[in-house]
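Structure, as structure tokens:
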Amino acid sequence: MVIKITSNKNSQYKEWRKLHLRKYRNNSKLFIIEGIKSLKEAIAWKNDFHAIVYSNKIHTVTGGKEIFKYISQIDVPLYELDNELLSKLSDLENSQGIIGILKQPSYKINNLINNKKVSIIILEGIQDPGNLGTIIRTADAAGIDGVILGKGCVDIYNSKVIRSTMGSIFHLPIIQELNLEDILVKLKERGFQIIGTDLNSHCFYNELTYSKKKGLIIGNESNGISKNILRLCSDVVKIPIKGHAQSLNAAVAAGILIYKMEGI
């Protein structure tokens, strides 16, 4: 059954609009995805939908009729809005006329770290949504087992982060808002090699021997890894800088280190 919403005063509609703010996403444990490609990816990876919202525009865009036929046959609440209401709910300039409201998945840290061979990316203070999305996408491409975000990182359910992951947000466990000092102590107790990065290190990243159980820390774009976290690292490496740049972009550095760490 399709429910039509015709007013921006509708209580359900007003709750969805709040999902563009992190505190409401945290409280409701919901988040928004937009567009046909994202919907297909979320469905393919069996994500848990709260609702799917669409307007008549879906019937006019490439692939729209096919996705509409599919969502009409699955067990997900469907809501029809006029184009104006949906555009106000959308975070895009040119919406494709379809939005998914998803339930945030819940992952347990112990399920991630109990394997004999595991690689984790650990992020401290990453602020740029594009950087976070790119790091998640790179981790997914390299076969990383999961991503951990410390408190103070940008929200993984930020719309810009989701778009930057290009679907990778659905492919691997991501756990956020964790106390990194506590997590690193726990990982070291489980035999993890904790790898940090610092320009003052005397060890280049390609000189290090990487163990089977490892966690790579990527720090804040401006300040790098904090001293408290560096002290908990098993090894600290650096990427050589041959030109005049002072440092690399966080996502670029992460890509170099991730692929080396995984032996790719």
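The values are calculated or read from the model by the stated rules, or taken from the named source; none is laboratory data. This one's a predicted model, so the numbers in the text were calculated from it and none came from an experiment. Counting neighbours? That spans all protein chains shown, and the Cβs are built from the backbone with ideal geometry, glycine included. The area values use the complete protein model at the heavy-atom level, side chains included, leaving out ligands, DNA and RNA. Shrake-Rupley method; radii C 1.70, N 1.55, O 1.52, S 1.80 Å.
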Item to check | Value of relative contact order over segment 153-264, rounded to a whole percent, pairs C-alpha under 8 Å and six or more apart | outcome: 27 percent
Checklist entry - According to the square roots a ≥ b ≥ c of the eigenvalues of the Cα gyration tensor, what is the shape class of segment 3-71, taking rounded for a/c under 1.5, prolate for a/b larger than b/c otherwise, and oblate for the remainder? => result oblate
Item to check | Table column - 3J(HN,Hα) (Hz), segment 73-87, Karplus curve with 6.51, -1.76, 1.60, x for Gly and Pro | outcome: 9, 9, 8, 9, x, 10, 10, 9, 10, 6, 4, 5, 5, 5, 5
Checklist outcome for this item: Amide H proximity to Ala51 below 5 Å, modelled H, separation 5+ or other chain, gives Ile101
Checklist entry - What FRET efficiency comes out for the pair Lys69/Lys116, r = Cβ-Cβ distance, R0 = 45 Å, nearest 0.05? => result 0.50
Next on the checklist: Through the Karplus equation 6.51 cos²θ - 1.76 cosθ + 1.60, θ set to phi - 60°, convert the phi angles of segment 235-247 into ³J(HN,Hα) values in whole Hz; use x for Gly and Pro.
Outcome noted: 9, 10, 10, 9, 9, x, 10, 9, x, 9, 5, 6, 7
Checklist entry - Within the set Lys4/Lys37; Lys212/Lys242; Lys108/Lys160; Lys18/Lys213, which residue pairs have Cα atoms separated by over 32 Å? => result Lys18/Lys213
Checklist entry - Mean residue ellipticity at 222 nm from the helices of the chain, using -39,500 (n - 2.57) per DSSP H segment of n ≥ 4 over the full residue count, to the nearest 500 deg cm²/dmol? => result -9000 deg cm²/dmol
Checklist entry - Which FRET efficiency, nearest 0.05, do Arg22 and Lys103 yield, Cβ-Cβ r, R0 22 Å? => result 0.85
Checklist outcome for this item: Which residues qualify? For Val237, with a placed amide H closer than 5 Å and at least 5 residues away or on another chain, they are Gly196, Thr197, Asp198
Next on the checklist: Given a 1.4 angstrom probe, what's the average accessible area per residue across segment 77-226, in square angstrom?
Outcome noted: 44 Å²
Checklist entry - When the Cα centres of segment 24-40 and segment 68-110 are compared, how far apart do they sit, in Å? => result 7 Å
Checklist outcome for this item: The local net charge around Ala141, scoring Lys/Arg +1 and Asp/Glu -1 for residues other than Ala141 whose Cβ lies under 15 Å from its Cβ, equals -2
Item to check | Relative contact order of the chain, pairs being alpha-carbon contacts under 8 Å that are 6 or more residues apart, as % | outcome: 18 percent
Checklist entry - Among the trypsin sites (Lys or Arg not before Pro) within segment 139-234, which fall in a DSSP loop and have no more than 16 other Cβ atoms within 10 Å of their own Cβ? => result Lys151, Arg190, Lys212, Arg231
Checklist entry - FRET efficiency for Val2 and Trp45, Cβ-Cβ distance as r, R0 = 30 Å, nearest 0.05? => result 0.75
Checklist entry - Expressed as a whole percentage, what fraction of the accessible surface of the chain belongs to carbon and sulfur atoms when a 1.4 Å probe is rolled over the protein heavy atoms? => result 48 percent
Item to check | Those GluC sites (Glu not before Pro) in segment 19-120 that DSSP places in a loop and that have at most 10 other beta carbons within 10 Å | outcome: Glu93
Next on the checklist: With θ taken as phi - 60° and the coefficients 6.51, -1.76 and 1.60, list the Karplus ³J(HN,Hα) couplings across segment 206-216 in order, rounded to whole Hz; mark glycine and proline as x.
Outcome noted: 8, 9, 8, 8, 9, 7, 6, 10, 8, x, 9
Checklist entry - Amide H to amide H, which residues 5 or more places from Gln193 or on other chains are under 5 Å from it, using H placed in the peptide plane? => result Lys213, Lys214, Gly215
Checklist entry - Mind checking which of Ser55, Ser159, Ser168 has the largest fluctuation in a GNM of the chain, springs on alpha carbons under 10 Å? => result Ser55
Checklist entry - Any idea what the relative contact order of segment 86-201 is, in percent, if you count C-alpha pairs under 8 Å spaced at least 6 apart? => result 24 percent
Checklist entry - What does the accessible area per residue of segment 1-46 come to in Å², with a 1.4 Å probe and no ligands, DNA or RNA counted? => result 66 Å²
Next on the checklist: Over 5 Å intervals from 0, what percent of Cα-Cα pairs in segment 1-147 sits in each interval?
Outcome noted: 2, 8, 16, 19, 19, 14, 10, 7, 4, 1, 0
Checklist outcome for this item: In nm, the gap between the two label points placed 7 Å beyond Cα toward Cβ at Asp182 and Val76 is 3.4 nm
